[in-house]
Amino acid sequence: MTSLGNYTTDSTNGHSNILRHEKCDAYLLFHLETALGEGFRTFLYFLGLAYCFIGLSAITARFFRSMESVVKHSRTVETIDPLTNTKTVKNEKVWNYTIADITLLAFGTSFPQISLATIDAIRNIGKLYAGGLGPGTLVGSAAFDLFPIHAVCVVVPKAGELKKISDIGVWLVELFWSFWAYIWLYIILEVWTPNVVTLWESILTVLQFGLLLIHAYAQDKRWPYLSLPLERAERPEEWVPAEVVKYRPLDKVHEPHTEVSQVGEEENTGIVDIFSIHSGEGTGHFYQNLAGEDVTESSTPNNCNIIPEESDILSIWKHQFVDALMLESTESRKLNNIYLRVARIFWQLLLLPWKLLFAFVPPYQIAHGWIAFICSLIFISGIAYVVTKITDLISCVTGINPYVIAFTALASGTSWPDLVASKIAAERQLTADSAIANITCSNSVNIYIGIGVPWLIDTLYNYIAYNEPLRIENAEGLSFSLLVFFSTSVACIGVLVFRRLTIGAELGGPRVWAWVTCIFFMLLWLIFVVLSSLRVSGII
């Protein structure tokens, strides 16, 4: 792949024009690409970008299953009553739910954007100007998280079903840090050091993520002086009802004391703990029984100490590859409509390369899911790298401002895991806490980590090598987008508060009002995208 720096753009009043008419000599795989027509090249690159987003959706299934195993990890705690000298043994979750929301869930679902921004920063290391793809994608992703994802979550519950935030204090803390993140970014770009980011500003940006964690945990534990005096509604010990799992043995895997079973498409009606995702495409999720006990979930005190034998793990891993090659699930074979069956087979063929690649991710039963979790993030980073290359080519061939592509295509595509996470939480959890917390926390993570870390990399290098700060190209356009986002987000939060006061819940409710809210949120997103794109392109 060649460098994508061999074209120029005209400037008018500091803004890049939306189009230019110079030939793009860069290519993705083969030099012959440059001989194709620009229209055909653009079509192929957009097709490649869409296929990368399909890959992100495919790895999301494994990512969430591994995250589920991480969060479900519990430990045995023994306490002795000093008065009666009675010993009590109980299981406690290793992860605090609030911290899990902010770190594993929000950070993990925002990892495509974070990877893209970090890769963009590394590519631009040593340059005085920061890359535009990272900040543009992260600000656009924040708008996608707040508006379209809220729109989906509002209509996901069943008709008349109400789901509200149980711990309003934690949500207010997360909301404060989410709003402050964008105010802070505006202060950096326009107030303290206009159009420039210094080393200390980038360090302070990253450190504020730690302050968010401390403040949220303090609110969850109701620490004096650091928490809001707000009572929380009763919330269940487990976030969702326990899943009723139907087991069926698989060929060549059944042993006298070991049963490896697959939850197929027809068995996806159960609800799993935390955030499991059951693919409707027959991706296959495995549960392991050892001596009659479920590895992933058990009511026995020692379930966290159950470790599958090596042969069982190898059987599960082997079956991941077998499942990746399956073109039809049990349910699809029962379909009488031949066109639907053909459509499903075509979709499976489209997913086949991704499924085979992601089958190399180790089973989530190993090390409480940590290895699968990390491997999933590595694959997401690899896809993000390819996405940055294709995006550069689209900008090069079409002349469209990279910020415009970042606000629209990249922000929507890389926010897919956020959408999946919040939708699952809104469907299956008893409250709206995690569905909405994922949105607000992801927006905070986008700034404190997604923009903070890449800027820290570039500012640190520039400080050491040149003793110069990092300059932000088209900072005025980015600042304008922040103002538009802030204004529209106030309207979004206002509607959620209004729903809480009138119908008693943020999500669900009467079907008509749920759809009215959904349409309003989508309208806010369109306003943000159109105004931001016009501004960074120098049209307004």
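Before moving on, here are some points about what is shown:
- Boolean, Trp347 is crowded, with 19+ Cβ neighbours inside 10 Å and not small (Gly, Ala, Ser): no
- Taking residues in segment 505-523 that are open to solvent by 60 Å² or more (accessible area, probe 1.4 Å), and partners anywhere that are among the small types (Gly, Ala, Ser) and part of a helix (DSSP H, G or I), the pairs with Cβ atoms closer than 6 Å and at least 6 places apart or on different chains are Met522/Ala151.
- Scanning segment 160-173 finds one or more residues that are surrounded by 18 or more Cβ atoms within 10 Å (Cβ to Cβ), touching a residue at least 24 places away in the same chain (Cβ under 8 Å) and basic (Lys, Arg).
- Residues satisfying the stated conditions in segment 406-431, i.e. over 15 Å from the mean Cα position of the chain (by Cα) and among the charged types (D, E, K, R): Glu427, Arg428
- With respect to (1) hydrophobic (A, V, I, L, M, F, W, C); (2) open to solvent by 10 Å² or more (accessible area, probe 1.4 Å); (3) over 20 Å from Leu185 (Cα atoms), the lone exception for Ile436 is condition (2).
- Filter result (polar (S, T, N, Q) and more than 21 Å from the chain's Cα centre (by Cα)) within segment 351-403: Gln365, Ser395, Thr398, Asn401
To keep it simple, each residue is scored yes or no on (1) within 26 Å of Leu393 (Cβ to Cβ); (2) open to solvent by 10 Å² or more (accessible area, probe 1.4 Å); (3) in contact with a Cys (Cβ under 6 Å, 6 or more places away or on another chain).
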site	(1), (2), (3)
Ser415	yes, no, no
Lys423	no, yes, no
Gln429	no, no, no
Ser444	no, no, no
Glu476	no, yes, no
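- Meets criteria (touching a residue at least 12 places away in the same chain (Cβ under 8 Å), of a type in the set (Ser, Thr, Tyr), open to solvent by 60 Å² or more (accessible area, probe 1.4 Å) and part of a helix (DSSP H, G or I)) for Tyr182: no
- Any hit, segment 492-502, residues being under 30 Å from Pro402 (Cα atoms), surrounded by 14 or more Cβ atoms within 10 Å (Cβ to Cβ) and not β-branched (Val, Ile, Thr): yes
- Given (1) open to solvent by less than 10 Å² (accessible area, probe 1.4 Å); (2) at pLDDT 85 or above; (3) not in a loop (DSSP other than H, G, I, E, B), number of the condition Pro157 does not satisfy: (3)
- The residue of segment 350-403 that is surrounded by the fewest Cβ atoms within 10 Å (Cβ to Cβ), among those that are more than 27 Å from Leu36 (Cβ to Cβ) and in contact with a Pro (Cβ under 7 Å, 6 or more places away or on another chain), is Ile371.
- Of all the numbered requirements in (1) without any contact (Cβ under 8 Å) to a residue 40 or more places away in the chain; (2) within 19 Å of the chain's Cα centre (by Cα), Thr60 misses one, and that requirement is (1).
- Any hit, segment 48-66, residues being surrounded by fewer than 15 Cβ atoms within 10 Å (Cβ to Cβ), in contact with a strand residue (DSSP E or B) (Cβ under 7 Å, 6 or more places away or on another chain) and at negative phi: no
- All positions within segment 94-127 that are open to solvent by 10 Å² or more (accessible area, probe 1.4 Å), among the hydroxyl-bearing types (Ser, Thr, Tyr) and at pLDDT below 80: Tyr97
- For the condition within 23 Å of Cys441 (Cβ to Cβ), aliphatic (A, V, I, L, M) and surrounded by fewer than 19 Cβ atoms within 10 Å (Cβ to Cβ), Val77 does not qualify.
- Residues that are assigned to a helix (DSSP H, G or I) and open to solvent by 70 Å² or more (accessible area, probe 1.4 Å) within segment 187-224 comprise Val191, Trp192, Trp200, Leu204, Leu207, Leu211, Ile214, Tyr217, Lys221, listed in sequence order.
- Residue within segment 135-147 that is open to solvent by 40 Å² or more (accessible area, probe 1.4 Å), assigned to a helix (DSSP H, G or I) and at pLDDT 90 or above present: no
- Any hit, segment 338-346, residues being aromatic (Phe, Trp, Tyr), in contact (Cβ under 8 Å) with a residue 24 or more places away in the chain and either touching a His at 6+ places or on another chain (Cβ under 7 Å) or in a helix (DSSP H, G or I) (or both): no
- Selection of helices (runs of 4 or more DSSP H) fully inside segment 353-428 by the criterion of at least 1 residues being within 19 Å of Asn443 (Cα to Cα) and among the charged types (D, E, K, R) returns 416-428.
- Glu468 being open to solvent by 50 Å² or more (accessible area, probe 1.4 Å), in contact (Cβ under 8 Å) with a residue 12 or more places away in the chain, charged (D, E, K, R) and in a helix (DSSP H, G or I): no
- Any pair with Cβ under 8 angstrom, 6 or more apart, that starts in segment 117-136 at a residue that is on the phi < 0 side of the Ramachandran plot and ends at one that is exposed (fewer than 15 other Cβ atoms within 10 Å of the Cβ) and in a loop (DSSP other than H, G, I, E, B): Leu128/Tyr466; Leu128/Glu468
The values are calculated or read from the model by the stated rules, or taken from the named source; none is laboratory data. All figures in this text were calculated on a predicted structure; none of them were measured in a lab. Quick reminder, even Gly has a Cβ in these numbers, built from the backbone with ideal geometry, and neighbours come from all protein chains shown. Each accessible area value is taken on the protein alone, full model and side chains, heavy atoms only, with ligands, DNA and RNA left out. Shrake-Rupley method; radii C 1.70, N 1.55, O 1.52, S 1.80 Å.
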